[in-house]
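Chemist: Pasting a structure here, questions to come.
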Amino acid sequence: GAVVSQHPSWVICKSGTSVKIECRSLDFQATTMFWYRQFPKQSLMLMATSNEGSKATYEQGVEKDKFLINHASLTLSTLTVTSAHPEDSSFYICSAGPGLDLHTQYFGPGTRLTVL
Amino acid sequence: SQQGEEDPQALSIQEGENATMNCSYKTSINNLQWYRQNSGRGLVHLILIRSNEREKHSGRLRVTLDTSKKSSSLLITASRAADTASYFCATEGSGNTGKLIFGQGTTLQVKP
């Protein structure tokens, strides 16, 4: 299957700082990327849908000014957690698609964010 | 919001036994997908079943879909210790947005 990378794989930051997470599709062009967050021992919650060259669509309850998403190219989307607080500590996962099958998404390995 | 529920939440079996996980959902779907997640890692796509399909096989995996009951099951036959992971179902709605709504997941432990 296609490869999606995330960088960094983990990050620790102080409260009030901003953190940028990158999601790259390495071997295919992803017109759509999705961002999820996952709290310990819980499921994935969709945060937003990102289409190349247009504004992201956020799910209900997700603050767009806090979680800035940029999908500047067909291989890169970024999620910036602004003014991070301890409650933002979570596992952030991106996915990219469509793949060969229009319904296939490829998931990145995730980024563990810890806010002190 | 979470689409569905999975049961059991946790399952512990011996190597060689079969493991069955169930998933229920609430809205109409285009397809249903099963994913596996090892602790602290990303998701691995296992199998996709379309809304007009009733059963699908892939190696030791068998997935069924009952759209009248809005439910799906994942069967792993002849389990191995390496199958230990969390398993999630995810539904893609009929709007073709590509958005996936995940179930709560089943944590499977296969004891050697």
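Just so it is clear, none of the values below were taken in a lab; they were calculated from the coordinates. What you see is a predicted model, and the numbers here were worked out from it, not measured in a lab. As a convention, Cβ positions derive from the backbone with ideal geometry for all residues, glycine included, and neighbour counts pool all protein chains shown.
Chemist: Quick one: compute the contact order of region B:1-82, relative version, from alpha carbon pairs under 8 angstrom and 6+ residues apart, as a percent.
Modeler: Reported relative contact order: 32 percent.
Chemist: Calculate, in whole percent, how much of the Cα-Cα pair population of the protein assembly as shown lies beyond 23 Å.
Modeler: The answer is 47 percent, as a whole percent.
Chemist: On to the next question. Provide, for q = 0.23, 0.25 Å⁻¹, the log10 of I(q)/I(0) from a solvent-free Debye sum over equal Cα point scatterers in region A:19-85.
Modeler: So the normalised log intensities are -1.01, -1.14.
Chemist: Just flag the trypsin sites (Lys or Arg not before Pro) in region B:29-74 sitting in loop per DSSP whose Cβ has no more than 12 other Cβ atoms within 10 Å.
Modeler: Sites meeting the loop and neighbour criteria: B:ARG54, B:LYS69.
Chemist: Give me a comma-separated list of calculated 3J(HN,Hα) values for region A:14-22, in order, Karplus coefficients 6.51, -1.76, 1.60 applied at θ = phi - 60°, integers in Hz, x for any Gly or Pro.
Modeler: Calculated HN-Hα couplings, in order: 8, 4, x, 8, 10, 10, 10, 10, 9 Hz.
Chemist: To the nearest Å, what is the center-to-center distance of region A:1-73 and region B:42-94, using C-alpha atoms only?
Modeler: 25
Chemist: A further question follows. For chain B, what is the charge dipole size about the Cα centre, in debye to the nearest 20, if Lys and Arg each add +1 at the Cβ and Asp and Glu each add -1 at the Cβ? The partial results should precede the final answer.
Modeler: On the way: 13 positive and 10 negative charges, 42 e Å.
Around 200 debye, computed over chain B.
Chemist: Looking at chain A as a GNM with Cα springs under 10 Å, which of A:THR75, A:THR57, A:THR17 has the largest mean-square fluctuation?
Modeler: Looking only at A:THR75, A:THR57, A:THR17, the biggest GNM fluctuation is shown by A:THR17.
Chemist: A follow-up question, please. For B:LEU32, what is the net charge nearby, where nearby means another residue's Cβ is under 9 Å from its Cβ and Lys, Arg count +1, Asp, Glu -1?
Modeler: Local net charge: 0.
Chemist: From the phi angles alone, apply the Karplus equation (6.51, -1.76, 1.60; θ = phi - 60°) to region B:7-13 and give each ³J(HN,Hα) in whole Hz, x where the residue is Gly or Pro.
Modeler: Along region B:7-13, the couplings run 9, x, 6, 9, 9, 10, 9 Hz.
Chemist: Also, I was wondering about something else. What percentages make up the Cα-Cα pair-distance distribution of chain A when the bins are 5 Å wide from 0?
Modeler: Bins of 5 Å from zero give 2, 13, 24, 25, 20, 10, 4, 1, 0 percent of pairs.
Chemist: Per the Debye formula with a single identical scatterer at each Cα and no solvent contribution, what log10 I(q)/I(0) holds for chain B at q = 0.10, 0.17, 0.20 Å⁻¹?
Modeler: Debye output, listed in q order: -0.26, -0.74, -1.02.
Chemist: Hey, another quick one. What list of ³J(HN,Hα) couplings, whole Hz, do you get for region A:32-44 from phi and the Karplus terms 6.51, -1.76, 1.60, once you set θ to phi - 60° and write x for glycine and proline?
Modeler: Working through the residues one at a time gives 10, 10, 10, 10, 10, 10, 9, 7, x, 6, 10, 8, 7 Hz.
Chemist: State the answer as a single residue: which of A:THR49, A:PHE67, A:TYR106 lies farthest towards the positive end of the charge dipole of chain A, with beta carbon charges of +1 for Lys and Arg and -1 for Asp and Glu, about the Cα centre.
Modeler: Farthest along the dipole direction, towards plus: A:PHE67.
Chemist: Relative to the compact globular guide of 2.2 N^0.38 Å, what is the alpha carbon radius of gyration of region B:8-55, as a ratio?
Modeler: 1.38
Chemist: Further question: Below 21 Å, Cα to Cα, which lysines can B:LYS69 reach? Residues fewer than 8 away in the same chain don't count.
Modeler: Output for B:LYS69: B:LYS26, B:LYS56.
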